[in-house]
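Each remark here refers to the structure printed beneath this line.
What follows draws every value from the coordinates through simple rules; no lab data is involved. Note that the structure is predicted; figures quoted are calculated from it, not measured. Cβ placement follows ideal geometry from the backbone for every residue including glycine, while neighbour counts extend to all protein chains displayed.
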Amino acid sequence: MDTDVIIVGAGPTGLMLACELALAGTRTQIVERRTEPQRDSRALTLHPRSVELLDLRGLAPRFLAPGRTLPGWHFAALDTRLDFAALDSRHGYTLFLAQARTEALLEERALELGVTINRGYETVGLSRDDDGVDMSVRVPDGSVENIRARYAVGCDGGRSFVRQAAGIGFPGTDESLTGVLGDFAVATPDPAALASARDHGVLVVPLEGGVTRFVYMDPERLRVPSSELVTLEEFRTSLIRITGSDCGVAEPQWMSRFGNATRLAERYRAGRLLLAGDAAHIHFPAAGQGLNTGLQDAMNLGWKLAAVIGGWAPLGLLDTYDTERRPVGQAVTENTEVQTLLAELTLVPQYQRPATALRKLLDQLLGLPEVNRLVAGQVSALDTVYPSARADADPLEGRRMPDIELSVVGSDATRAYDLFSSGHFVLLDFTGEVNPAETITSGRDSHVDSFTVTHYAEHAGLDGVTEILVRPDGHVAWATRRTDLQLRRAERTRALADWAGTPAVVAGS
């Protein structure tokens, strides 16, 4: 087989996954139905955890340079903002960056890593057997070619061909309301008029090149199906009805209607076929979580699939993709449904009074630091914790590794995330008593890096920790606070076998 993994879809999720697989040496190609990169940007933001994941790979500066940061975000467009700056992260902000730019930067990285991106390739057939998958694609000249690979991943959106071919159900709720967005080259320069539009619930966002985005939900057009095209006349009429002004919009660059259909795949894996991003979960774009959830799916799946292909994955590792990420997808679909309901109630006349009172109450609750921290942690994905199978697991296990300042032997790294650019596991010894490399045999040195920490900044979650094993996606696989060297060594050996395979398995692969 010339290809290990075929990824269907060159959106942010597919490109991120391709980067992760290629970084691990996995032969990867993307097939994409569109002939050109997407120019329009439905999504505009990267949330804190997504920026952290890019930082783990040394890519954050590329994305920060063209973007701009905002210290907070919103939940259900409530007046009280979510305070991302108060979260335990170097990246406690929303990075405002159009999806088209995000895709371009990820494609740039994928090409650097040797990923093949086939545009104008439409998937028309897919089957699988015990050894691999066979995919039929219609290429630009109209002919059909066959590609065989070990695995295929559907990153091909809500109507995913891969999901349907895999026979994976996609239960949920149909669209019941829609909103509208439009990008305009011309809009009123009057700040007061734009402020008034915002006060009436219209999202007004300046984009690159002098373009302004308007997003609204018109109470009189809530039930128009998303398949109906948006016209400039409709857009202006709705703005006038909502705000009293058409905001001077002209020269539309893109107009679109979007709905609140909400669905979650019954499973994220069917043998050698897997799903990520919108192929696995769709929802109303409340709080801008969709693209971010897809990137985080890709980061979780990439190293696991590479481990299986590389021959060192412990038994059942690939199954943890579903057990870890599907609950996250469910939580996102649920919180977006809550936000959509709040918006809808505010727009329906008979519910406006109680809905306004409810929003006022929620605003007050978000003013409480503990509540704000809870919701901000969920929306930012910084509070994502993966379940541990061990009854005696340390509280750190499954949580994201904090990006502490540190010094380590044999490296000029100044903070923890500097150690993850290779996409390997990272084993840290905080005691200085023993070199943890003694347990990294030749069977693991291709995917586990070990370091002795000589100094690190104090962090409440790390109090008393003597050793820690961090997964390639930045989540803690194992931690111990034991001081007894012999007991610690036994735990370390077990943790490495559980997560990074055994030398015997690797040698015999």
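Details
- Contour minus Cα-Cα distance for Thr483 and Leu70 (0.36 nm per residue): 144.4 nm
- Whole-angstrom gap from segment 250-307 to segment 308-339, using each part's C-alpha centre: 12 Å
- The Cβ shell under 11 Å around Ser245 holds other residues with a net charge of 0, Lys and Arg each +1, Asp and Glu each -1.
- Modelled FRET efficiency - R0 22 Å, Ser176 with Glu233, Cβ distances, 0.05 increments: 0.30
- Take every Cα pair under 8 Å whose residues are at least 6 apart in sequence, average their separation, divide by the length of segment 406-507, and the relative contact order is 28 percent.
- Taking Cα atoms only, the orientation of helix 369-380 departs from the longest principal axis of the chain by about 80 degrees.
- Cα gyration tensor shape of segment 178-259, rounded if a/c is under 1.5, else prolate or oblate by comparing a/b with b/c: oblate
- Of the GluC sites (Glu not before Pro) found in segment 227-258, those in coil by DSSP whose Cβ has at most 11 other Cβ atoms within 10 Å are Glu228.
- Cα gyration tensor, segment 406-507 - rounded (a/c under 1.5), prolate or oblate: oblate
- Amide hydrogen proximity for Ile117: with H placed 1.01 Å from N in the peptide plane, the residues at 5 or more positions away or on another chain lying under 5 Å are Ile30.
- Label of the coordinate-derived value, Rg and Dmax of the Cα atoms in Å, listed as [x] 22.3, 87; [y] 22.5, 72; [z] 23.9, 75: [z]
- R0 of 25 Å, Cβ-Cβ distance His455-Glu108: FRET efficiency to nearest 0.05: 0.10
- Estimated vicinal HN-Hα couplings, Hz - segment 382-387 in sequence order (Karplus 6.51, -1.76, 1.60; Gly, Pro = x): 6, 8, 5, 10, 8, x
- Computed over neighbours whose Cβ is under 12 Å from that of Val371, the net charge equals -2, Lys and Arg +1, Asp and Glu -1.
- For segment 63-138, taking the reciprocal of the average inverse distance between every pair of different Cα atoms yields a Kirkwood hydrodynamic radius of 16.5 Å.
- Charge context of Ala457, other residues only, Cβ under 14 angstrom, K/R +1, D/E -1: -4
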